[in-house]
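The values are calculated or read from the model by the stated rules, or taken from the named source; none is laboratory data. Being a predicted model, the structure only gives us computed values, none of them experimental. All Cβ positions, glycine included, derive from the backbone under ideal geometry; neighbour counts span all protein chains shown.
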Amino acid sequence: MSVKMRRFLLGTATLLWMILIFSMSSGTSEESAAMSGGLTDLVFRLFFKNLPVDGPEAEYVLRMELEFFIRKAAHFTEFLILGGLMVSFLLQFRLGFFTAGIIAWAAAVLYAATDEFHQTYVAGRAGMQFDVLVDAAGALFGVLIFLGIIAVIRLRIREKAGKA
């Protein structure tokens with residue numbers, strides 16, 4: 001596959017992922033609660049249904065803590081993928097690993113901040129500084145994972161070329 005084609009595909013995938021993040025952030029608080037609440041109910045039924053809980057109030061607290069964790073895990077995962085896509089795209093321009101990693105991470109954090117700012121204009125939503133930190137951690141993890149994968153692939157390609 002040509003470099004131009006890889007740039008196009010990775011750039012398109014990155015842009016589409018950013019649009020997906022933006023569209024999920026554009027949902028009202030009710031829509032967001034329905035999405036995370038549905039997932040919370042599923043996880044609760046699968047893993048916590050038979051857990052002895054001291055009454056409905058304790059179950060409610062457990063569900064709220066589980067929903068908080070699910071929401072933050074979603075933020076982390078969204079930006080883990082974004083960081084990985086961004087660094088993969090930037091490496092197509094022959095940047096060094098460190099440079100591509102820093103630029104990708106900084107761009108993902110900037111996008112996270114603008115996404116949280118955008119949420120302040122959505123009915124019932126609020127921009128949260130803590131979410132930017134979670135997003136930044138996810139993006140960093142994604143950048144590091146993808147850089148590691150790419151480094152291993154390049155090493156194996158060099159090893160094969162050396163044996164040939």
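Summary of computed values
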read-out	value
Of residues in region 117-141 being of a type in the set (D, E, K, R) and farther than 15 Å from residue 107 by Cβ, the one surrounded by the fewest Cβ atoms within 10 Å (Cβ to Cβ)	125
Some residue of region 91-99 being in contact (Cβ under 8 Å) with a residue 24 or more places away in the chain and either closer than 17 Å to residue 17 by Cβ or within 16 Å of the chain's Cα centre (by Cα) (or both)	yes
Residue check, residue 114 modelled with pLDDT of 90 or more, under 16 Å from residue 23 (Cα atoms) and of a type in the set (Ser, Thr, Tyr)	yes
Residue pairs meeting the criteria (Cβ under 6 Å; at least 6 apart or on separate chains; first under 11 Å from residue 25 (Cβ atoms), in region 125-137; second surrounded by fewer than 17 Cβ atoms within 10 Å (Cβ to Cβ))	125/29; 127/117; 127/120
Pair list, Cβ < 9 Å and 6+ apart or interchain, from region 48-74 residues that are in contact (Cβ under 8 Å) with a residue 60 or more places away in the chain to residues that are part of a helix (DSSP H, G or I) and loosely packed, with under 12 Cβ neighbours inside 10 Å	72/130
Those residues of region 94-130 which are closer than 27 Å to residue 152 by Cβ, assigned to a loop (DSSP other than H, G, I, E, B) and hydrophobic (A, V, I, L, M, F, W, C), in sequence order	95
Tally, over region 69-97, of residues that are loosely packed, with under 15 Cβ neighbours inside 10 Å and farther than 25 Å from residue 127 by Cα	3
Region 142-164, subset of a type in the set (Val, Ile, Thr) and without any contact (Cβ under 8 Å) to a residue 24 or more places away in the chain, residue surrounded by the most Cβ atoms within 10 Å (Cβ to Cβ)	149
From 16, 62, 66, 20, residue being buried (at least 18 other Cβ atoms within 10 Å of the Cβ), among the aliphatic types (A, V, I, L, M) and in a helix (DSSP H, G or I)	66
The listed residue being more than 25 Å from residue 146 (Cβ to Cβ), in contact with a helix residue (DSSP H, G or I) (Cβ under 6 Å, 6 or more places away or on another chain) and not polar (S, T, N, Q), out of 46, 39	39
Inter-residue pairs, beta-carbon under 8 Å, first of a type in the set (D, E, K, R) and in region 1-24, second part of a helix (DSSP H, G or I), 6+ apart	6/92; 7/89; 7/92; 7/93
